[in-house]
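Comments concern the structure below.
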Amino acid sequence: MKDVLICNYAKTNETDKTTNAMGKGQIANYVLETMKMPESDMQEEEKQKMDEKIQAKLKAGRKLTKEEEDYLKQTNPQLYQQYKRIRAMVNAMEEKLKNATSKEEANDIIYFSISGVSKNDPYKEYAITALQRSASEYKKTSGYNRLPQTAEDAKKKNNKKDLSISRAIIPVPPTQNFNSSQQDKSRKYLKHA
């Protein structure tokens, strides 16, 4: 469309060379100005596609790209704030999951995070979907798979680790001052051993 405007503008000024020369400068300015306008110059069809893409991602509980976040911030600040609030909920749950010591504890964290979403929250569907998606991804990780089933299993596992560590530490008696004859005997003993 910009090309059509430029061509039409240039054709209307072809008869007058002075106007045509000035027109080329104006055309260049017009092109530069329109290139600077980010979303405001978007066609309605492009805006609609971007809106639909963002809505689909939000409904699926997926994270937006930086470009999509910027677009949403400009075009729908209220929805952008809700998106950021939901991402904060997901990030808080993910941080708690990093410190889970058992699958049982991880499942409790997930349950309480999801059940903590208010019934009156107008974006409840988006929040629950985002939390469920994050939980599902977490359960596929090796970190989750390595966790013991219950908190009791985790305690048993930790006790075994503590025992193996304490067994590995062997007390060493303090060094003694040997006289030269004792040192010679210990050297001979080490040679024969």
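The values are calculated or read from the model by the stated rules, or taken from the named source; none is laboratory data. Note that the structure is a prediction, hence the values are computed from the model and not measured. Counting neighbours? That spans all protein chains shown, and the Cβs are built from the backbone with ideal geometry, glycine included. Accessible surface is based on the protein model in full, side chains and every heavy atom, while ligands, DNA and RNA are left aside. Shrake-Rupley method; radii C 1.70, N 1.55, O 1.52, S 1.80 Å.
For the residues Lys47, Lys24, Lys84, the requirement of being modelled with pLDDT under 95, within 29 Å of the chain's Cα centre (by Cα), not small (Gly, Ala, Ser) and not in a loop (DSSP other than H, G, I, E, B) singles out Lys47. If only residues of segment 126-158 that are of a type in the set (D, E, K, R) and within 21 Å of the chain's Cα centre (by Cα) are counted, the one that is most open to solvent (accessible area, probe 1.4 Å) is Lys140.
All of (1) more than 23 Å from Pro122 (Cα to Cα); (2) modelled with pLDDT of 95 or more; (3) not charged (D, E, K, R) hold for Met93 with one exception: (1).
Residues of segment 54-94 that are open to solvent by 60 Å² or more (accessible area, probe 1.4 Å) and of a type in the set (Lys, Arg): Lys59, Arg62, Lys63, Lys66, Lys73, Lys84, Arg85.
Residue by residue, here is whether (1) in a helix (DSSP H, G or I); (2) at pLDDT 95 or above; (3) more than 30 Å from Lys57 (Cα to Cα); (4) among the hydroxyl-bearing types (Ser, Thr, Tyr) holds:
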| residue | (1), (2), (3), (4) |
| --- | --- |
| Thr101 | no, no, yes, yes |
| Ile128 | yes, yes, no, no |
| Ala135 | yes, yes, no, no |
| Leu163 | yes, no, yes, no |
| Pro173 | no, no, yes, no |
| Asn177 | no, no, yes, no |
| Arg187 | yes, no, yes, no |
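Scanning segment 95-120 for residues that are surrounded by 15 or more Cβ atoms within 10 Å (Cβ to Cβ) and more than 15 Å from Pro148 (Cα to Cα) yields Lys96, Ile109, Ile110, Ser113, Ile114, Val117.
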